[in-house]
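Every number here is computed from the coordinates shown, using simple stated rules; none is lab data. No experiment lies behind these values; they were computed from the predicted model shown. Methodologically, a virtual Cβ is constructed for each residue, glycine included, from the backbone with ideal geometry; neighbour enumeration extends over all protein chains shown.
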Amino acid sequence: MRLQFAFLGLIALWIIVFGSNRAFTFEFDGKTEVYGLNQVRVITRAQVEDKVVALTFDDAPAPALPEILEVLNKREVKATFFIIGAQAQRYPELLKEIVLQGHELGNHSFSHNFDDSQKLEAMIQDIKKCEQVIFDLTGRIPLYFRPPGGFLNDRVKEACGRTGYSILMWSLDTRDWALSDCKEQIMENLLAGLSPGDIILLHVVPQTASLLDEMIAALTEEGYRILPLSCLLSGAYGR
Ligand SMILES: [Zn+2]
């Protein structure tokens, strides 16, 4: 009898340990860390088997945005835009248009200027300033923070811990910002490393605007569905 209980206990333990791990849909940079009062998660992709991905556009809003929004609208795709606070002040109507069309927002700092010399308090103020600009213009609080230039050190993590953000990186870099003269290479970068759960890094730049329709067609052709980040990461999408 006692042996049976021990066996059941072992099964329960197995379910708790492995069952909960399986429900864990984010890939961290090795460990969960605590900064400020919050656990800071560095998310690079969703761990799913379904052919689903998210398109993320950095450095919004910018003049190439209307063309990008038009393509997304035509293709009925929702994306996530990482907002630079200073750019939002410069192009407030474009920022509002992103929200009106049902896309998601991320915080990409006010200044877009993080480096090793930056003090923690300056980073915190920069992140909060961007959040305030976005809130004042749209009434939205961004869900994620992506550091400018992908610059990530312990101070950035601590600043996110203290401002309550998860850090949202990417798993597939198209290098679109550096390849204005080589659209074939951007397409190759997009398709060569593509896998389920990818968070795809793009920018609000003219070469991406003119390629976007082709990109979405190619992803669809490969059998992929494109989701906003919140759906990709929560698994809240129909199968
Ligand atoms: Zn950027």
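Scaling against 2.2 N^0.38 Å puts the C-alpha radius of gyration of segment 76-146 at 1.10. Exactly which trypsin sites (Lys or Arg not before Pro) in segment 111-214 are in a DSSP loop and have at most 11 other Cβ atoms within 10 Å? Loop-located and lightly packed - LYS119. Here the simple spin-label model places points 7 Å from the Cα toward Cβ, and for GLU49 and PHE135 these points are separated by 4.2 nm. Please compute the contact order of segment 98-239 in relative form: average sequence separation of alpha-carbon pairs under 8 Å and at least six residues apart, divided by the residue count, as a percent. 19 percent. So, counting K/R as plus one and D/E as minus one, what does the shell of residues with Cβ under 13 Å around GLU184 add up to? Cβ neighbours under 13 Å give a net charge of -2.
Under the simplified labelling scheme, the LYS128-ARG225 pair shows an inter-label distance of 4.0 nm, with each label point 7 Å from Cα along Cα→Cβ. For LYS183 and GLU97, a Förster radius of 22 Å and the Cβ-Cβ distance give a FRET efficiency of 0.30, rounded to the nearest 0.05.
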